[in-house]
Amino acid sequence: MPNERFLMLHMHELLMYLNQQGVLTLMTMTQHGVLAPMQSPVDVSHLADTVILLRYFEAQGELKQAISVVKIG
């Protein structure tokens with residue numbers, strides 16, 4: 001995409017079309033670092049009605065995995 005604004009418009013149109021067709025769309029983004037805060041150059045979370053977070057965390061000296069599902073709206 002030539003710039004981020006067109007990417008967001010294209011992503012919105014694509015996700016709306018897929019939703020109308022009854023398609024479940026899962027989008028993933030890379031997290032930099034194990035315990036780093038989540039950030040991305042393109043924030044697509046406002047386009048979704050459910051956000052699934054897959055994270056690593058440290059508990060009692062061990063690295064563990066967690067999954068969170070947040071329903072929006």
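The values are calculated or read from the model by the stated rules, or taken from the named source; none is laboratory data. A quick note: this is a predicted structure, and the numbers were derived from the prediction, not measured. All Cβ positions, even for glycine, are placed from backbone atoms using ideal geometry, and neighbour counts span all protein chains on display. The protein model used for the area step is the full one, side chains on, heavy atoms only, and it has no ligands, DNA or RNA in it. Shrake-Rupley method; radii C 1.70, N 1.55, O 1.52, S 1.80 Å.
Brief remarks follow.
- Listed by first and then second residue, the pairs linking a residue in region 55-71 that is within 19 Å of Leu26 (Cα to Cα) to a residue that is assigned to a strand (DSSP E or B) and of a type in the set (Gly, Ala, Ser), with Cβ atoms under 7 Å apart and 6 or more places separating them unless they lie on different chains, are Arg55/Ala66.
- Among the residues of this structure, Gln31 does not count as one that is modelled with pLDDT of 65 or more, open to solvent by 50 Å² or more (accessible area, probe 1.4 Å) and not β-branched (Val, Ile, Thr).
- Residues satisfying the stated conditions in region 46-57, i.e. open to solvent by 100 Å² or more (accessible area, probe 1.4 Å) and at pLDDT 60 or above: Leu54, Tyr56
- Check on Asp43, at pLDDT 60 or above, acidic (Asp, Glu) and within 20 Å of Met8 (Cβ to Cβ): no
- Test: residue in region 58-68 that is at pLDDT below 85 and open to solvent by less than 90 Å² (accessible area, probe 1.4 Å): yes
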